[in-house]
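Participant: Below you'll find the structure I mean.
The values are calculated or read from the model by the stated rules, or taken from the named source; none is laboratory data. Bear in mind the structure is a predicted one, so any value in this text is a computation, not a measurement. Here the Cβ positions follow ideal geometry from the backbone for every residue, glycine too, while neighbour counts run over all protein chains shown.
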Amino acid sequence: MKILLDAMGGDKAPDANIKGAVKAINQIKAEVILIGKEEIIRKKVKEFYGKEIEEISSRLKVKNASETIEMEDQPTVAIKHKKDSSMVVGFKMLKEGEGDVFISAGNSGALLAGATLLVGRIKGIDRPALAGILPAYKSQLLLIDSGSNTNCKPINLLQFAQMSTIYLRNTFGIEHPAIGLLNIGTEETKGNELVRESYKLLKEKSEELNINFVGNVEGRDAFSGKIDAIVTDGFTGNVFLKTTEGLGKFVKKTLTESLTQNIISKICTIPCLPAINRFKKTMDYKSYGGALFLGVKKPVVKAHGSSDEILFEFTIKQAEKFVENKAVDKMIEEFENKQ
């Protein structure tokens, strides 16, 4: 297996990308190919580790790409004109079978445009969507769409529910995942026109498409552990995602400050440290990796733009599992059979 990593994408590139790959390489079986300006990558590896990249691991390689798609670039224009960028080179390698999964923390719009234009959509899916994993009570929550489609139609949300069901069943072994529609209330009549019409369509088609639709879900109930996936449009989903991440950081920071406020609280904290550390780990979104771009013909993973080496490490490990579970192959097979 070959994992393609955009070494030049993200706020902390290429340092975090390289360090994350090095951290992950001995925890996975796959080969990792760092795509980007080879001279810079090799120089950084030598600077960080005092070794050539080949000396670190025979499964760590470099693919040269002379250009970089910047965050301010127009997505479609960049994909069409920066043909030797790390992102476009990565997509071409993925499409041509020179890699099994592509990871990037770069320009989100360009990543989504490239995945759709260069890799291609699965037949029958109108709009691929980002599916991010978040912590929930004694489980995890799949959020789709978490940022790729800001304007949606009811058919898109129905397809998001289909993709969620197929993905969760085949990757996590959840036979009948509970799919909820994010709304401001649980009543059928609540919400804007998109949500109301989506509710009707999901209710009408859920049995036919084998979707375990449980109705509207309010944000406060999303993490109850009773819901396996939340379906929404990309604008709302992205706000929900970033609010959740911000709240997690706030809780961790406040808890840490409270427990270390004075010598007495520090002493009292010692017996509780194992439980506190478990709680912190649960609240750490980094350990859940990136967001999967469901609906394209090959595995694509969007890492957070602010990814550090730890998040890249987890995202690389997540990507290996994504390929091992043949998530995309099963989605193509199952989704196309239902059309």
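Participant: Given the criteria within 19 Å of the chain's Cα centre (by Cα) and either crowded, with 22+ Cβ neighbours inside 10 Å or charged (D, E, K, R) (or both), does residue 10 qualify?
Facilitator: yes
Participant: Now, a different point. Got a sec? Which of 184, 179, 211 is without any contact (Cβ under 8 Å) to a residue 60 or more places away in the chain, surrounded by fewer than 17 Cβ atoms within 10 Å (Cβ to Cβ) and not charged (D, E, K, R)?
Facilitator: On the way: 179 fails: surrounded by fewer than 17 Cβ atoms within 10 Å (Cβ to Cβ); 211 fails: surrounded by fewer than 17 Cβ atoms within 10 Å (Cβ to Cβ).
One residue alone meets the criteria, 184.
Participant: Go through region 42-97 and give me each residue that's surrounded by fewer than 13 Cβ atoms within 10 Å (Cβ to Cβ), within 22 Å of the chain's Cα centre (by Cα) and of a type outside the set (Gly, Ala, Ser).
Facilitator: Once the filter is applied, which keeps residues that are surrounded by fewer than 13 Cβ atoms within 10 Å (Cβ to Cβ), within 22 Å of the chain's Cα centre (by Cα) and of a type outside the set (Gly, Ala, Ser), region 42-97 yields only 72.
Participant: Restricting attention to region 232-247, does a residue exist that is assigned to a loop (DSSP other than H, G, I, E, B) and in contact with a helix residue (DSSP H, G or I) (Cβ under 9 Å, 6 or more places away or on another chain)?
Facilitator: Within region 232-247, one or more residues are assigned to a loop (DSSP other than H, G, I, E, B) and in contact with a helix residue (DSSP H, G or I) (Cβ under 9 Å, 6 or more places away or on another chain).
Participant: Take residues that are at pLDDT below 90 and either farther than 17 Å from residue 108 by Cα or out of contact with any strand residue (DSSP E or B) (no Cβ under 6 Å at 6 or more places or on another chain) (or both) and tell me which of the helices (runs of 4 or more DSSP H) falling wholly in region 1-89 contain 3 or more.
Facilitator: Correct list: 75-81.
Participant: Every residue in region 229-247 that is closer than 13 Å to residue 135 by Cβ, in contact (Cβ under 8 Å) with a residue 60 or more places away in the chain and not hydrophobic (A, V, I, L, M, F, W, C), please.
Facilitator: 244
Participant: Can you name the number of the only condition in (1) at pLDDT below 90; (2) of a type outside the set (Lys, Arg); (3) touching a Ser or Thr at 6+ places or on another chain (Cβ under 8 Å); (4) under 22 Å from residue 331 (Cα atoms) that residue 212 fails?
Facilitator: (1)
Participant: Another question, if that's okay. Please verify whether residue 2 is basic (Lys, Arg), in the same structural domain as residue 102 (by TED's automatic domain parsing), within 19 Å of residue 300 (Cα to Cα) and crowded, with 17+ Cβ neighbours inside 10 Å, treating the condition exactly as stated.
Facilitator: Spelling it out, residue 2 is indeed basic (Lys, Arg), in the same structural domain as residue 102 (by TED's automatic domain parsing), within 19 Å of residue 300 (Cα to Cα) and crowded, with 17+ Cβ neighbours inside 10 Å.
Participant: Conditions first: (1) buried (at least 18 other Cβ atoms within 10 Å of the Cβ); (2) modelled with pLDDT under 95; (3) farther than 13 Å from residue 296 by Cβ. Residue 113 passes all but one, so which condition is the exception?
Facilitator: If we test residue 113 against (1) buried (at least 18 other Cβ atoms within 10 Å of the Cβ); (2) modelled with pLDDT under 95; (3) farther than 13 Å from residue 296 by Cβ, just (3) comes out false.
Participant: A follow-up question, please. Go through (1) farther than 20 Å from residue 137 by Cα; (2) outside the structural domain of residue 89 (by TED's automatic domain parsing); (3) modelled with pLDDT of 70 or more one by one and return the number of the condition residue 245 breaks.
Facilitator: The number of the failed condition is (1).
Participant: Identify the residue in region 141-163 that is of a type in the set (Gly, Ala, Ser) and under 24 Å from residue 107 (Cα atoms) and, among all such residues, is modelled with the highest pLDDT. Please lay out each step first, then the result.
Facilitator: Just the residues of region 141-163 that are of a type in the set (Gly, Ala, Ser), to begin with: 146-148, 161.
Filter once more, so that each one left must be under 24 Å from residue 107 (Cα atoms): 146-148.
Working: 146: 86, 147: 83, 148: 82.
Residue satisfying both the conditions and the ranking: 146.
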